[in-house]
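Values quoted throughout were computed directly from the atomic coordinates according to the rules given, and no laboratory measurement underlies them. Here the structure is a predicted model, which means the values were calculated and not measured. Reconstructed Cβ throughout: ideal geometry from the backbone, glycine too, with neighbour counts over all protein chains shown.
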Amino acid sequence: MTSTTDLFNERLNRIRTAVELRKPDRVPIVPLGDSFCANHLGEKVSDFCTIPKLSNEIMLKSFTSLGEVDGLQHVSFYVHMLSSIWLSKLKIPGRDLPDDELWQVDEVELMKIEDYDFIIEKGYNTFLGEYYMTRLDNLGEKLNPFLESFPGAIKATIDLGIVPFSPAIVTIPYENFCGGRSMVAFMRDLYRIPDKVQAAMDVAIEDIVNNTRQLLQTVKPIAIWVGGWRAASEFLAPHLWQRFVWPYYKRIIEVVVEEGVIPVLHFDSDWTRDLEYLRELPKAKCIFSPDGMTDIFKAKEILDGHMCIMGDVPAAMLTLGSPEEVSEYSKRLINEIGPSGFILAQGCDIPPNAKPENVKAMIDAVKL
Amino acid sequence: MVSSLSLNMADLKEDLVFAEITEQLNKNVPAEEIFKELQLGMEIIGERYQSQQYYLSELIMAADIFKNAAKNLQDKFQSTDKKIATIVLGTVSGDIHDIGKDIVSLIFTTNGFEVIDLGVDVPIQKFIDAIREHKPEFVGISCLLTTAFDNMKKTIETIKEEGLGSNVKILIGGGPVDKGTSNYVGADEVCEDAPSGVEIAKKLLEVK
């Protein structure tokens, strides 16, 4: 009988082989699900999203009951972590919303235009310290339960022979600023005060790089999400994207690779226009993970032989489709994007109201 | 021939747009004419968006310039131009996302539609009341969350049950919304983005 350690090593090896663009014994499956798992097992979303240890237990129980996964992208969930990415307040189930509704980012102009000057003069970490305390109701302290439960969640996952693949998130100043300023105000800033925004980004990225190195050296994950949401090509003119987005991703991704960690480019929305830029990144070291909006088949054409692709069973298919449709699409991905350099997963996150039989069909597809 | 004001609007040259509006007002050009030139600029912006010369970043900037410019003009209007149609618009109950819906509101407004914007997280009854009050040709329902599909379906079912479905066309849109969603919720049309929504609406009205 295979021990869980052997199973863990076998699965990790399968994933690493895919990242290195070699052909594994079969395509790995590394999904991500949070509120879906709570709904699947009838757990209150309000508890799931505010008790990190519970979220880990529910995620492991949900996925192991649906089939055999090689890894999980995240192994626990904590709603307040979202505030640290988008510098925004949240509407939280059980507090601002009914117990079983999904949390939502409450985007208002919390970061002011004069904050750019503060960042330029005092540094980004100083700014964040003040911002977390005064505008996000002492967010720093609120994050403690997640940090305290984190090692236990990693261990519980490994104990089941499952790879805790990319359990943390970093991103670029654009995403932080866009969330803090709110998208409309931020895009106006890009037009009206571009030099100031860039100066603040240039200061911020240095602190983000240092924070990321520290995080990676402490946690030692196998991979980490480098997240992209509002920075997607579909939202921005090329001249803005080339100035405010790409140089910062390139910097942070190269730092992650230098630290021996796999950057998962978790890129939501449509990035098709700028896929060529991803070829500037180190070969066979990164994963491109689109959410169903980028043309994954075009991504294969462009990134073939350069970067592993992970994805992208679409949210709407997992919610409204049938197991047969999910199975057929998954097989198409395995054959056309894989079998080398490909990891099967949902696009972005399994939606809260996905049908469990559809998620099972996706997980089982790697064995067909 | 396209006027320089329309072109400056289309090129997002904010300072030049405001300078030219002031100059034209000083020359007693009717506010309605100036407004039409801005609308023409917005039409060019819509075309550039659809041909991927422009992106959301430019639509947002255009929206801001247009809104500020229109504010200066509207109180000077002599007559009220007849709108080509009315659309009742909102993000469905259970969803608080507003950016896509706001862009749709702007693009429809600048294309001559009267937009009744109900905001976000709109309860079904609010849609029903607005349809009864404004008698629109279109209802636009947006959502970004797949969890809101069921509320979208319920909203559309209720509109039909209340006997209001035959006089309005229901347009839906938003990140995860596709043809499959449309079949599920019972909408008339799916709009991939704001300019294509305008195109669909105009086609249904049989106007240019």
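For this structure, a couple of remarks:
- Net charge dipole size for chain A [Lys, Arg +1 and Asp, Glu -1 on Cβ; Debye, nearest 20]: 600
- Sorted from greatest to least, the principal axis extents spanned by the alpha carbons of the protein assembly as shown come out as 87, 59, 46 Å.
- The convex hull drawn around the Cα atoms of the range A:102-209, when projected onto a plane and averaged over every direction, covers 8.3 nm².
- Listed by Cβ neighbour count within 10 Å, with the fewest neighbours leading, A:V257, A:V105, A:V226 appear as A:V257, A:V105, A:V226.
- Residues A:W86, A:W246, sorted so that the one with the fewest Cβ neighbours within 10 Å comes first: A:W246, A:W86
- Reachable lysines, given that their alpha-carbon falls under 24 Å from the alpha-carbon of A:K300 and they are not under 8 places away in the same chain: A:K23, A:K250, A:K283, A:K285, A:K331, A:K367
- A straight Cα-to-Cα reach below 26 Å connects B:K13 with the lysines A:K112, A:K196, B:K27, B:K36, B:K67, B:K71, B:K76, B:K101, residues fewer than 8 places away in its own chain not being considered.
- Phi to ³J(HN,Hα) by Karplus 6.51 cos²θ - 1.76 cosθ + 1.60 over the range B:118-131, Hz, x for Gly, Pro: 8, x, 10, 6, 7, x, 4, 4, 5, 4, 4, 4, 5, 5
- The GluC sites (Glu not before Pro) found in the range B:164-202 that occupy coil by DSSP, while having at most 16 further C-beta atoms within 10 Å, are B:E192.
- For the range B:135-168 versus the range A:149-223, the gap between their alpha-carbon centres in whole angstrom: 38
- Gain on full extension, evaluated as 0.36 nm per residue between A:D106 and A:Q217 minus their Cα-Cα distance, stands at 36.7 nm.
- Quotient of Cα Rg and 2.2 N^0.38 Å for the range B:100-208, N being how many residues it contains: 0.97
- Mean residue ellipticity (222 nm) of chain A, computed from DSSP H runs ≥ 4 via -39,500 (n - 2.57), nearest 500: -15000 deg cm²/dmol
- Its Cα centre serving as origin, the range A:248-368 has a Cβ charge dipole (Lys and Arg +1, Asp and Glu -1) of approximately 240 debye.
- Figure legend: label point modelled 7 angstrom from the Cα of A:Q198 along Cα→Cβ; residues of the range A:102-123 with amide N under 19 Å from it are A:116-121.
- Under the convention that each Lys and Arg Cβ holds +1 and each Asp and Glu Cβ holds -1, the size of the dipole of the range B:65-208 around its Cα centre is about 400 debye.
- In nm, spacing of pseudo-spin labels at A:D6 and A:N125 (7 Å Cα→C-beta vector): 4.6
- Residue-normalised convex hull volume from the C-alpha trace of the range A:143-262: 117 Å³ per residue.
- Alpha-carbon Rg with Dmax, taken over chain B, Å: 17.8, 55
- Scalar couplings 3J(HN,Hα) for the range B:45-53, obtained by applying the Karplus form with A = 6.51, B = -1.76, C = 1.60 to θ = phi - 60°, are 4, x, 5, 5, 5, 5, 8, 6, 7 Hz; x denotes Gly and Pro.
- Sorted by Cβ density within 10 Å, fewest first, the residues B:R48, A:R192: A:R192, B:R48
- Selected from B:I116, A:I253, B:H97, residue furthest toward positive end of dipole (the protein assembly as shown; charges at beta carbon): A:I253
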